[in-house]
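Heads up: the structure comes next, in structure tokens.
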Amino acid sequence: MRHTHFIPGLAFALRPLTLEDAPLIVELRTDPQRTQFLHAVSPSIDKQRMWIEAYLQRANDYYFVIERLRGAVPEGLVGIYDVESDLSGGEWGRWILRSGSLAAVESSYLIYKFAFDILKLKMVHCSTVAGNKAVVSFHDSCGLINRGIQAAHRTLDSGVVDTIRHECTMEHWQILAAKLLPQVQLIARRVNNSYQQ
Amino acid sequence: MNTNNINQEIIEIITTVIGEPVPSNVERGVLSKWDSLRHMQIIFSVEERFGVQFSESEIAQVKSVDDIAAKVERTK
């Protein structure tokens, strides 16, 4: 949906996706090294613009560009969608970062911050392709609640795949934040110092 | 400190962060538990142990014990 939420962090921020980001989506989501576990998208920027136009009209769907604060350099994408009208929950995903980006920890922290501190959701979940073991491990390492396998839950170009569901409740967010924030701070110090060099 | 000692200390750091024994040829991208969060924890632990600092690009590039040890040795 069209929104104006800007979520600043220490080194990165989440800013609203716009039509002008169509080339960025195509660039990131047609990189074979980054998209093995995501739905394929058309390499056509015009078709991506059409997708974004439809997204902008869709309720309860928040798509962000992950941007480096210093220099406003785009580093990835993330979103929360299927947000329930009673705020009982929503799903986050569409998470993809440029190769070599250090935004993983802070971008996940910021999407939770948006979900719980701004949207006031009671719970968020994500579904990760089971074969994407590094991301499954990342969610486990962050301390999300692992709800196990969702069999044949998603269809990719490669076929129907299982996913792993992770959850975080509003109450659990405080524990998660306490775990992630020290790492966010350390990474931010490094990223921001790199900008100055 | 010789190379073997450096490598062994790095393996110990990775083992501590991962939470289970790892082989000496462990690599990020092969060991799924070496995820993005744990990678940063490993890097920061190595920096503290050896008094070195990885640049942002080096953090992204290092993927193995040998990569990390090479950085430590270059800096010493």
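The values are calculated or read from the model by the stated rules, or taken from the named source; none is laboratory data. This structure is a prediction, so every number in the text was calculated from the model and none was measured. Cβ placement follows ideal geometry from the backbone for every residue including glycine, while neighbour counts extend to all protein chains displayed. Heavy atoms of the whole protein, side chains included, go into the accessibility calculation; ligands, DNA and RNA do not. Shrake-Rupley method; radii C 1.70, N 1.55, O 1.52, S 1.80 Å.
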Exercise. Has the stretch A:159-182 got any residue that is at the interface with chain B (Cβ under 10 Å from one of its Cβ atoms) and among the acidic types (Asp, Glu)?
Worked result: no
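Going through the stretch B:12-36 one residue at a time, which ones are basic (Lys, Arg) and part of a loop (DSSP other than H, G, I, E, B)?
B:Lys33
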For this session: Can you confirm whether the stretch A:162-176 contains a residue that is over 21 Å from A:Lys120 (Cβ atoms), in a helix (DSSP H, G or I) and of a type in the set (Phe, Trp, Tyr)?
Result: no
For this session: Working only within the stretch A:126-139, note down all residues that are assigned to a strand (DSSP E or B) and either surrounded by fewer than 19 Cβ atoms within 10 Å (Cβ to Cβ) or at the interface with chain B (Cβ under 9 Å from one of its Cβ atoms) (or both).
Result: A:Ser127
Problem set entry | Members of the stretch B:59-70 found to be within 14 Å of chain A (Cβ to nearest Cβ) and touching a helix residue (DSSP H, G or I) at 6+ places or on another chain (Cβ under 6 Å), listed by number | B:Ile59, B:Val62
Exercise. Has the stretch B:25-36 got at least one residue that is closer than 21 Å to A:Ser99 by Cβ and of a type in the set (Asp, Glu)?
Worked result: yes
For this session: Evaluate the following for B:Glu9: is it more than 24 Å from A:Ala103 (Cα to Cα), more than 8 Å from every other protein chain (Cβ to nearest Cβ), touching a residue at least 12 places away in the same chain (Cβ under 8 Å) and open to solvent by 40 Å² or more (accessible area, probe 1.4 Å)?
Result: yes
Problem set entry | Options A:Gly131, A:Gly89, A:Gly143; residue that is without any contact (Cβ under 8 Å) to a residue 60 or more places away in the chain and farther than 18 Å from A:Met1 by Cα | A:Gly143
Exercise. Out of the stretch A:174-188, which residues are hydrophobic (A, V, I, L, M, F, W, C), open to solvent by 10 Å² or more (accessible area, probe 1.4 Å) and over 16 Å from B:Arg38 (Cβ atoms)?
Worked result: A:Ile175, A:Ala177, A:Ala178, A:Leu181
Exercise. Quick check, is A:Leu121 outside any helix (DSSP H, G or I), within 11 Å of chain B (Cβ to nearest Cβ) and buried (at least 20 other Cβ atoms within 10 Å of the Cβ)?
Worked result: no
Problem set entry | Long-range neighbours under 6 Å by Cβ, at least six apart or interchain, first residue facing chain A (nearest Cβ under 10 Å) within the stretch B:30-56, second part of a loop (DSSP other than H, G, I, E, B) | B:Ile43/B:Phe54; B:Glu47/B:Gln53
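Please count how many residues of the stretch A:80-112 are more than 18 Å from A:Pro23 (Cβ to Cβ) and either hydrophobic (A, V, I, L, M, F, W, C) or out of contact with any Cys (no Cβ under 8 Å at 6 or more places or on another chain) (or both). Walk me through it before giving the result.
If we filter the stretch A:80-112 for residues that are more than 18 Å from A:Pro23 (Cβ to Cβ), which is where we start, we get A:80-93, A:95, A:100, A:102-112.
Within this subset, residues satisfying the condition of being either hydrophobic (A, V, I, L, M, F, W, C) or out of contact with any Cys (no Cβ under 8 Å at 6 or more places or on another chain) (or both) are A:80-90, A:92, A:95, A:100, A:102-107, A:109-111.
Qualifying residue count, the stretch A:80-112: 23.
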For this session: Determine if the stretch B:24-40 includes at least one residue that is under 12 Å from the mean Cα position of the chain (by Cα) and under 20 Å from B:Met1 (Cβ atoms).
Result: yes
